[in-house]
Amino acid sequence: MSIAHAGGDPFEALGDVNRREILTLLGAGEKSVRELADALPISRPAVSRHLRLLKQAGLVAERPCGTLRIYRLQEQGVDVVQAYLRQVWGEATARFTLLAQNTRPQ
């Protein structure tokens with residue numbers, strides 16, 4: 001299963017603490033760059049750069065609202081990440097269960 005979006009890798013985008021915090025804030029609902037910047041210890045231009053990377057990775061979407069851009073979580077991008085983690089975790093759990101069933105205590 002390929003998890004890379006056409007414009008970027010969602011896991012690479014998730015590698016930064018500020019981008020993860022932006023996703024957490026957007027999990028509560030749509031927000032403008034200003035609202036995000038007010039909640040973070042970084043500047044509005046920095047928030048905009050992080051949002052651009054998150055958008056390229058398919059994790060956020062934007063919509064115009066007058067002169068503002070309003071951001072929200074991009075459901076499809078988040079679903080791809082969740083599916084990948086479920087797949088990896090499921091395979092690891094299956095291997096661990098198999099090992100546990102075939103190992104005798106000493």
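The values are calculated or read from the model by the stated rules, or taken from the named source; none is laboratory data. Nothing here was measured: the structure is a model prediction, and the numbers come from that model. These area figures cover heavy atoms from the full protein model, side chains too; ligands, DNA and RNA do not enter into them. Shrake-Rupley method; radii C 1.70, N 1.55, O 1.52, S 1.80 Å.
With every protein chain left in place, what is the accessible area per residue of the chain in square angstrom, probe 1.4 Å?
Using a 1.4 Å probe on heavy atoms only, each residue of the chain averages 69 Å².
Roughly speaking, to the nearest percent, how much of the range 1-83's 1.4 Å accessible area is carbon and sulfur?
51
Would you mind checking the tilt of helix 75-101 against the longest principal axis of the Cα atoms of the chain, expressed as 0 to 90 degrees and rounded to 10?
Between the helix axis and the principal axis of the chain, the angle is about 20 degrees.
Quick one: helix 44-56 against the long Cα principal axis of the chain, what's the angle to the nearest 10°, folded into 0 to 90?
Helix 44-56 sits roughly 50 degrees off the main axis of the chain.
Determine Rg/Rh for the chain; Rg is computed over alpha-carbon atoms and Rh is the Kirkwood hydrodynamic estimate from the same atoms.
Value, to two decimals: 1.18.
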